[in-house]
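Here is the structure we will look at.
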């Protein structure tokens, strides 16, 4: 794990964790993305490679599949900006 995330923690909404239709990999990806965010900054901009590394070298295709799962439940949006792609966690409002 990169040093800038080693002192971070993540708050994960119960509806994500308790969603039986969501794979464990997608839940771990949501948790990983959550480590990059805060209430004031509900978005993150890690690369697929960084996410893969943080999740134990998960194959990039698996990361993309997990992202598709999260997007299908509207838990995550991926948006193209001037600086590149960002991930917006749509549930990050309650803590």
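The values are calculated or read from the model by the stated rules, or taken from the named source; none is laboratory data. Just so it is clear, the structure is predicted and the values come from calculations on it, not from any experiment. Ideal geometry is used to build each Cβ from the backbone, glycine not excepted, and the neighbour counts take in all protein chains shown.
Search the stretch 1-35 for residues being outside any helix (DSSP H, G or I) and at pLDDT 90 or above, and hand back the single one that is surrounded by the most Cβ atoms within 10 Å (Cβ to Cβ). Spell out how you get there, then give the answer.
Taking the stretch 1-35 as the starting set, the residues that turn out to be outside any helix (DSSP H, G or I) are 1-13, 18-23.
Of the ones still in play, those that are also at pLDDT 90 or above are 18-23.
Numbers: 18: 9, 19: 17, 20: 4, 21: 8, 22: 20, 23: 14.
So the residue we want is 22.
Just one of (1) in contact (Cβ under 8 Å) with a residue 60 or more places away in the chain; (2) in a helix (DSSP H, G or I) trips up residue 61, so point out which. Among (1) in contact (Cβ under 8 Å) with a residue 60 or more places away in the chain; (2) in a helix (DSSP H, G or I), residue 61 violates only (1). The number of residues in the stretch 64-88 that are more than 16 Å from residue 19 (Cα to Cα) and not in a helix (DSSP H, G or I) comes to 12. Taking the stretch 64-76 only, how many residues are crowded, with 17+ Cβ neighbours inside 10 Å and either free of Cβ contacts under 8 Å to residues at least 24 places away in the same chain or touching a strand residue (DSSP E or B) at 6+ places or on another chain (Cβ under 8 Å) (or both)? Residues meeting the conditions: 4.
Taking the conditions exactly as written (surrounded by 13 or more Cβ atoms within 10 Å (Cβ to Cβ), modelled with pLDDT of 90 or more, part of a helix (DSSP H, G or I) and over 12 Å from the mean Cα position of the chain (by Cα)), does residue 52 satisfy them or not? Let's see the steps before the verdict.
Working: surrounded by 13 or more Cβ atoms within 10 Å (Cβ to Cβ): yes; modelled with pLDDT of 90 or more: yes; part of a helix (DSSP H, G or I): yes; over 12 Å from the mean Cα position of the chain (by Cα): no.
Taking the combined requirement at face value, the residue does not satisfy it.
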